Amino acid sequence: MTSSLVHTCIRVLDPEASVRFYETLGFERRGQLNFDSAYNIYMGLPGGGDTLELTVNVGRSDAYDLGDGYNHVAVTHPDLDAILEELAGLGVQPEKPPFHAGGRDDLPRIVFVPDPDGYRIELIEGEAFAAPQDGPHPSTT
C-alpha cells in the first residue's frame, strides 16, 4: 500500500472571496461537506483530485492567526504576468514583482500573492515544476 497526499486544508472567513481567488488560479469547485458548526468546500485543478479544502467555521468573524510556521502553498501557472493582471482585478497585489528564486536563472520565475485570508501563495511560471536537487547547504558542512 502506498500513501498519497489527499488535500491541504485552510480556514477561511469569506468563502465566496476565497472560491473566487482560487478559481482565478485555475481551481474548480468540486463539492461541499457540512457539519454542525462548519463546512468544507473542496476544490481541485482540472484533471486532478480535490486537493484544496476550504474550511468555514460558521459564525467566525475574527481573522485567523496564521502563525510563523506556515509559509506558502505553491501552484504553477503558464503566464505570471497574465495571472497577476487577473488577480489585480480582484484587488490582489504581489508582495514584489516576479523574480527567479534565489537569483538563480536556472529556476523559473516566481511571485508570492496573498489569498483573501492572508495565506501566501507562490505562483511558479510554467506548466509543471520539479525542484532541482542541490547537495548539502554550505552551512551544514
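The values are calculated or read from the model by the stated rules, or taken from the named source; none is laboratory data. Nothing here was measured: the structure is a model prediction, and the numbers come from that model. All Cβ positions, glycine included, derive from the backbone under ideal geometry; neighbour counts span all protein chains shown.
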Set Thr51, Thr76: member being of a type in the set (Val, Ile, Thr), touching a residue at least 40 places away in the same chain (Cβ under 8 Å), buried (at least 16 other Cβ atoms within 10 Å of the Cβ) and closer than 17 Å to Glu125 by Cβ = Thr76
task = Please determine, by comparing only the residues of the stretch 109-124 that are in contact with a helix residue (DSSP H, G or I) (Cβ under 8 Å, 6 or more places away or on another chain) and free of Cβ contacts under 8 Å to residues at least 40 places away in the same chain, which one is surrounded by the fewest Cβ atoms within 10 Å (Cβ to Cβ).
result = Arg109
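Is it true that some residue in the stretch 47-64 is over 24 Å from Pro97 (Cα atoms), aromatic (Phe, Trp, Tyr) and not in a loop (DSSP other than H, G, I, E, B)?
No, there is no match, as no residue in the stretch 47-64 is over 24 Å from Pro97 (Cα atoms), aromatic (Phe, Trp, Tyr) and not in a loop (DSSP other than H, G, I, E, B).
Tell me the residue from Gly91, Gly69, Gly135 that is closer than 21 Å to Ser18 by Cα, free of Cβ contacts under 8 Å to residues at least 40 places away in the same chain and not β-branched (Val, Ile, Thr), please.
None of the other options fit; the residue is Gly91.
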remark   = The condition of being outside any strand (DSSP E or B) and modelled with pLDDT of 95 or more holds, among Val92, Val113, only for Val92
task = Mind listing just one residue for me: the one in the stretch 33-46 that is within 30 Å of Glu127 (Cβ to Cβ) and part of a loop (DSSP other than H, G, I, E, B) and, of those, farthest from the chain's Cα centre (by Cα)?
result = Pro46
